[in-house]
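The values are calculated or read from the model by the stated rules, or taken from the named source; none is laboratory data. Since the model is a prediction, treat every value here as computed from it, not as a measurement. Every residue, glycine among them, receives a Cβ derived from its backbone with ideal geometry; neighbour counts consider all protein chains shown.
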There are 6 protein chains.
Amino acid sequence: MTRHDGRTPDQLREVRITRNWLDHAEGSVLVEFGRTRVLCAASFTEGVPRWLKGKGTGWVTAEYEMLPRSTNTRSDRESRKGRVGGRTHEISRLVGRSLRAIIDTKALGENTIVIDCDVLQADGGTRTASVTGAYVALADAIADAKARGLLPASAAPLTGSVAAVSVGVVAGGAVLDLDYPEDSTAETDMNVVMTGDGRFVEVQGTAEGEPFDRALLGDLLDLATAGCAALTALQRAALEAPARERLR
Amino acid sequence: MTRHDGRTPDQLREVRITRNWLDHAEGSVLVEFGRTRVLCAASFTEGVPRWLKGKGTGWVTAEYEMLPRSTNTRSDRESRKGRVGGRTHEISRLVGRSLRAIIDTKALGENTIVIDCDVLQADGGTRTASVTGAYVALADAIADAKARGLLPASAAPLTGSVAAVSVGVVAGGAVLDLDYPEDSTAETDMNVVMTGDGRFVEVQGTAEGEPFDRALLGDLLDLATAGCAALTALQRAALEAPARERLR
Amino acid sequence: MTRHDGRTPDQLREVRITRNWLDHAEGSVLVEFGRTRVLCAASFTEGVPRWLKGKGTGWVTAEYEMLPRSTNTRSDRESRKGRVGGRTHEISRLVGRSLRAIIDTKALGENTIVIDCDVLQADGGTRTASVTGAYVALADAIADAKARGLLPASAAPLTGSVAAVSVGVVAGGAVLDLDYPEDSTAETDMNVVMTGDGRFVEVQGTAEGEPFDRALLGDLLDLATAGCAALTALQRAALEAPARERLR
Amino acid sequence: MTRHDGRTPDQLREVRITRNWLDHAEGSVLVEFGRTRVLCAASFTEGVPRWLKGKGTGWVTAEYEMLPRSTNTRSDRESRKGRVGGRTHEISRLVGRSLRAIIDTKALGENTIVIDCDVLQADGGTRTASVTGAYVALADAIADAKARGLLPASAAPLTGSVAAVSVGVVAGGAVLDLDYPEDSTAETDMNVVMTGDGRFVEVQGTAEGEPFDRALLGDLLDLATAGCAALTALQRAALEAPARERLR
Amino acid sequence: MTRHDGRTPDQLREVRITRNWLDHAEGSVLVEFGRTRVLCAASFTEGVPRWLKGKGTGWVTAEYEMLPRSTNTRSDRESRKGRVGGRTHEISRLVGRSLRAIIDTKALGENTIVIDCDVLQADGGTRTASVTGAYVALADAIADAKARGLLPASAAPLTGSVAAVSVGVVAGGAVLDLDYPEDSTAETDMNVVMTGDGRFVEVQGTAEGEPFDRALLGDLLDLATAGCAALTALQRAALEAPARERLR
Amino acid sequence: MTRHDGRTPDQLREVRITRNWLDHAEGSVLVEFGRTRVLCAASFTEGVPRWLKGKGTGWVTAEYEMLPRSTNTRSDRESRKGRVGGRTHEISRLVGRSLRAIIDTKALGENTIVIDCDVLQADGGTRTASVTGAYVALADAIADAKARGLLPASAAPLTGSVAAVSVGVVAGGAVLDLDYPEDSTAETDMNVVMTGDGRFVEVQGTAEGEPFDRALLGDLLDLATAGCAALTALQRAALEAPARERLR
């Protein structure tokens, strides 16, 4: 089987992770899955929301949004419409839950990290790119907080890493990391979030066309497991390489 | 293993499906999963939204909302807050997608069916009860449209049935159909939507505590498959029994 | 004169008051005036809104809303429209004022009771059914608070009872408790809220067609006085009968 | 009994009706009930809202709002809060209904008149002043439409006149036309809208303190009837006197 | 060159400043630039917004809004639309900045003055009339606060005066104080805010048609300088004349 | 005088203009003024808003927004707050007006171009960078429309070019192109938009501290004139250089 862009069914698009893309943010990553381009900015602030005060635990949350011309035809801004759409809420919640799965909020102390994932260009897989990039930005923000003495050097709020990838059934075959032309014609579409040690954080599968059976579900999970492992390696490499110096 | 209410791990709560609970709606169901009580009202209207006009296909969508005192402590109304929350959007979209999975929109003609799922009382599993009840209300609305000549007698817009159930890991063990005390302490929580012939429409699993592995995922899917089959039988029985006459 | 449903001009529809219809709410009533069906849930919480703090008095308020398919044709949800309509506000305020007329807020202490009146099915008279049912839910919530020790056994925050009914001029004659077909063709429409001892709390009369004179106003008030007395008796009977046990 | 400002119980405040206070509006009135000052502007436009198109009837509606510093202490603007409050909606609806009671919408043709009632200064009775002033602005807008040939000279869309006044029980006695100090301490408060020929359009009585009995209700209606008759005479005199020339 | 209303290019419209037009507001002015009529109400309150607390400085801000029928054809209310438009925000911010330019917030102590500028009738120049009238209302509110002992008699929060005027290029020539017919056809439009001692606070010039060159900019600034000087003299005269007594 | 970053008073920051930074947008530019980084995306669509239909003219408009972590400390999203702030509206309007100054809407035909200016990183001068980058994106979108045959090759909708720069008084001296540390301490702040042939489109000067006199205004305009000329040259160079190929 040949995919429209020449990839094999189990092949990721070219993935690039550029750290410290911004100067102000405590951690920031421009993550690219092919033409999909998401800017993930992690903001570390002391203190927690009111409902958490005095409990000795921190808070990690995320907000996802698309720029109006990230897509092929321009969409109206949600700020102008005066309401945030269901899809935007849904993905923001997904990214936040995924990050909290590898955070020890006790070890974070009463501090808050917000990760903003703004889609600069969309070509399928914006939510999985967001999770994958957000983890790296989060790791950098925690390192920055330690460097500035806002967290003790011994604190270990990260209990692991997290990455995400989409899988789906396109033209009858299971494929990894769908781009927009694939995504818009997929019969089944699944987003899988996994930890660096290969366990599941989120499995969200939807039959867009025909319902799917247990065997197909197994094939898709196999593809996703391999894809997340590859992304985990790319995250680790990015975090080990030297990053651009922030201009402060 | 004993559950706090005496059920076995693979046992559903008592499920009741009361058809024609309302007089105006073309189809309506009061569905109860134990103390969870959802009113599903299906409204059939001729015509489709603007973006579908002239394409010869129909539209099915759903809206989910909780009454302010459906929960243990009162929540503010979303109408008063002026914005619909992320969870409400997410569940509305899930119910709509689930129903569309078993609808042939061509066979529906240019007609719209909206299913309103209003939670009168919440005790866990409101989204799965909504999907399960909504299917029955949808079937009744279609029958009503045929009876009134709005759809030809030969039309078959329903390509199957759909039901949903939650599964999760509570106190280390996999269990079916979690009530609120179980749901709020579950380590993993999964909602599964299946067709009457045993295929998957939606699989949404989330690790609330520890990430889960492939074996546990398999156990949960087994439980869900059995649960959905039981719900499918209850739906069929409800649709075959005579229903209360609507007062028009 | 014959009414379209066979009632005499001074006859109420069949009224049913079902207490403890919900398990969570401190007081709850499903009230039915014929096909009109309103769920009234009273929520008792300790503390008062900020502007009342430290004054030693409690607060009682109400919120009214219609489910989208309570009506003959589906209406859009106010939560989705992002704004609460004028009619909804107006009725919420009416129900709240009516209940406060028979509440001694000093005797309530610094506690708040919110009564949610959600119309499950509408066939005329939803606001008068709401007031009538809300009173019973309020009485139950106060009894519950005493039983749980949140109010002293000797406290008497209720200074009386309150009930409401509509009257109007249909086809030239004055009638009691209009259903929707009558209401939509009435020349004059009046809602009257009265205490159990026969005094007026609210009188809201509107000439939909011809303005009305003083004699007709008198006839309508006579009908309403008798109707409220009958509703008062039904409320008392409901409160004296044993209620379903709440499952907590 | 003496009132705090020296009036007798059945005495109106000084009422002033200044026509053509604005230059652009087809009809405009600055109406003053003592220190209460409301600007009523009637806008005549050809055409009707979509839901009335092609029915050959016109539409009259009203919008009421208070300037932020019309009151003794400044209130936030509803435009900034992003939502229109319940009281504002309620009064807008009351004014609109009152005007429609004396309008023959057939005779108006497919034209719309919107009356904006903006409270410049509030000292009690803003809704009754609004109705009373709005009628005069409406009459002027209709005359203007005839003068400009937008309505045939023979058209008679006004079937009468309408005026409104408040009555209430203050310090145990029934009084007419309450100002703010009286209104804020009244036990019962009633707003009455009447036609020029002495019939009722709206009766809205509320027991703020003690519920009221039938005899007291009668006394209040007597006072209101006399008050509305006096206002009707003032409206007629204003409409017969020459008005300021509009600068166009 | 002749202007359509007979003025010379450097001539203001007739300007009227009526102090204490309202009874409740600490300072209030009805300012008229020809047919443009703006009601400016200054509200003095003790205390400051949260972000200024404890800094020993006061706060002055402004809100501008147009009544729906202030304009030639009726505009929808921003409160009903649920959002405040860009132009309204922009002018509110301009008026606030202009006033703060002549306020010593230290000398004001921890007090807040809000100036509401509501346009009752619009005929061009509503923002410049607002600034000019708001200054007088502000001065009166400060005097009132001293008279009531809320500010020490020796406090001097006003460091000068401020006035504003529009200039523009109409039919090829530079003119002062444009009315609506001029404004809507102007090639260049500039609003200038100046202190009483002839310095600039705001210069906002916009080429509506052709871009303008430096020489023309100079001519416009000359006109504006003379216009603001004339307005400053009118403000001073108004503040020195005896004002109507407020009825409290 | 030395500036904190070593520039001379009349020196721009390093300016970079990267064309075709996006693949979908008809024109797109990443514009950098030092650390300020704005993504300008021009969307060309056939047709015009309803109020322009059938007039044979096109429409150009702009929307400006800041990403939440573009600033030094994170700001809340306007989409989440449910309302667009005054500053955002003001700058959006400024950018739109600036572009329309050099557009012949007749020559554009009934087509719409929306330019989205999203601030990825803010360090002062975001509005002037937006205007400067937006012009280049607009020019590219027009060239693209010609290449695709949506505009005739002979059409010349651009009547010139437009660029913008800020000037201000910092530490007593007039300087060009303020960065954030300068901007936040400036006594006077002026934004100037000029055409490529050296004429003014917008002059917006504000005294943040002391009001300014005519001589200082002259100095600031001199600086801005030179700065805009330099930016015009950079725009021209960018448009003449070959651009990255878009991946479509």
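Observations, loosely collected:
- Taking residues in the range E:48-59 that are among the aliphatic types (A, V, I, L, M), and partners anywhere that are assigned to a loop (DSSP other than H, G, I, E, B), the pairs with Cβ atoms closer than 6 Å and at least 6 places apart or on different chains are E:VAL48/E:GLU110.
- Each residue in the range E:110-138 was checked for being of a type outside the set (S, T, N, Q), closer than 27 Å to E:ARG50 by Cβ and part of a strand (DSSP E or B), and 6 pass.
- Residues of the range E:174-189 that are among the polar types (S, T, N, Q) and either buried (at least 22 other Cβ atoms within 10 Å of the Cβ) or within 11 Å of chain F (Cβ to nearest Cβ) (or both): E:THR188 alone.
- All of D:ALA137, D:ALA155, D:ALA164, D:ALA171 fail the test of being over 30 Å from E:ARG248 (Cα atoms) and either out of contact with any Cys (no Cβ under 8 Å at 6 or more places or on another chain) or at pLDDT 95 or above (or both), apart from D:ALA155.
- Taken as a whole, the condition of being under 23 Å from B:GLU90 (Cα atoms) and either in a strand (DSSP E or B) or away from every other protein chain (no Cβ under 14 Å) (or both) applies to A:ALA164.
- Hey, E:SER98 in a helix (DSSP H, G or I), of a type outside the set (A, V, I, L, M), at the interface with chain F (Cβ under 10 Å from one of its Cβ atoms) and in contact (Cβ under 8 Å) with a residue 12 or more places away in the chain or not: yes
- Residue among B:ARG69, B:ARG83, B:ARG74 that is at the interface with another protein chain (Cβ under 10 Å from one of its Cβ atoms), in contact with a Leu (Cβ under 9 Å, 6 or more places away or on another chain) and either assigned to a strand (DSSP E or B) or more than 24 Å from B:VAL162 (Cβ to Cβ) (or both): B:ARG69
- Subset of the range C:223-242 [farther than 16 Å from D:GLY205 by Cβ and surrounded by fewer than 19 Cβ atoms within 10 Å (Cβ to Cβ)]: C:ALA226, C:ALA229, C:ALA230, C:ALA233, C:LEU234, C:ARG236, C:ALA237, C:LEU239, C:GLU240, C:ALA241, C:PRO242
- Every residue from the range E:25-47 that is surrounded by 24 or more Cβ atoms within 10 Å (Cβ to Cβ), assigned to a strand (DSSP E or B) and either free of Cβ contacts under 8 Å to residues at least 12 places away in the same chain or aliphatic (A, V, I, L, M) (or both): E:VAL29, E:VAL31, E:VAL38, E:LEU39, E:ALA41, E:ALA42
- For D:LEU52, the requirement of being under 24 Å from E:ALA41 (Cβ atoms), more than 12 Å from chain C (Cβ to nearest Cβ) and aliphatic (A, V, I, L, M) is not met.
- Flag: E:LEU231 matches the condition of being at pLDDT 95 or above, away from chain F (no Cβ under 14 Å) and out of contact with any Pro (no Cβ under 9 Å at 6 or more places or on another chain).
- Check on D:LEU22, assigned to a loop (DSSP other than H, G, I, E, B), in contact (Cβ under 8 Å) with a residue 12 or more places away in the chain and either within 14 Å of chain C (Cβ to nearest Cβ) or touching a Gly at 6+ places or on another chain (Cβ under 7 Å) (or both): no
- Here the condition is being hydrophobic (A, V, I, L, M, F, W, C) and more than 15 Å from the chain's Cα centre (by Cα); of E:ALA163, E:ALA230, E:ALA237, it holds for E:ALA237 alone.
- Test: residue in the range E:31-42 that is more than 16 Å from the chain's Cα centre (by Cα) and within 27 Å of D:GLU78 (Cβ to Cβ): no
- The set of residues in the range C:139-161 being among the charged types (D, E, K, R), in a helix (DSSP H, G or I) and without any contact (Cβ under 8 Å) to a residue 12 or more places away in the chain consists of C:LYS146 alone.
- Residue, nearest to E:ILE103 (Cα to Cα), within the range E:190-213, restricted to residues that are part of a loop (DSSP other than H, G, I, E, B) and facing another protein chain (nearest Cβ under 7 Å): E:ARG199
- Hey, E:THR206 of a type in the set (Val, Ile, Thr), within 28 Å of F:GLY196 (Cβ to Cβ), buried (at least 21 other Cβ atoms within 10 Å of the Cβ) and in contact with a Ser or Thr (Cβ under 8 Å, 6 or more places away or on another chain) or not: yes
- Residue check, B:ASP10 within 12 Å of chain C (Cβ to nearest Cβ), surrounded by fewer than 18 Cβ atoms within 10 Å (Cβ to Cβ) and among the charged types (D, E, K, R): no
- Residues satisfying the stated conditions in the range B:90-107, i.e. touching a helix residue (DSSP H, G or I) at 6+ places or on another chain (Cβ under 7 Å) and surrounded by fewer than 23 Cβ atoms within 10 Å (Cβ to Cβ): B:GLU90, B:ARG93
- The residue list D:ALA171, D:ALA238 contains one member that is away from every other protein chain (no Cβ under 14 Å), on the phi > 0 side of the Ramachandran plot and touching a residue at least 60 places away in the same chain (Cβ under 8 Å), which is D:ALA171.
- Positions within the range C:53-100 being more than 20 Å from the chain's Cα centre (by Cα), of a type outside the set (Gly, Ala, Ser) and farther than 26 Å from B:ASP23 by Cβ, in sequence order: C:LYS53, C:LYS55, C:THR57, C:ARG83
- Flag if C:ASP104 is farther than 30 Å from B:ARG246 by Cα and touching a Pro at 6+ places or on another chain (Cβ under 7 Å): yes
- Tallying residues that are of a type in the set (A, V, I, L, M) and under 8 Å from the mean Cα position of the chain (by Cα) within the range B:126-160 yields 3.
- Listed conditions (1) of a type in the set (Val, Ile, Thr); (2) more than 30 Å from E:THR112 (Cβ to Cβ); (3) crowded, with 18+ Cβ neighbours inside 10 Å are all met by D:THR57, apart from (3).
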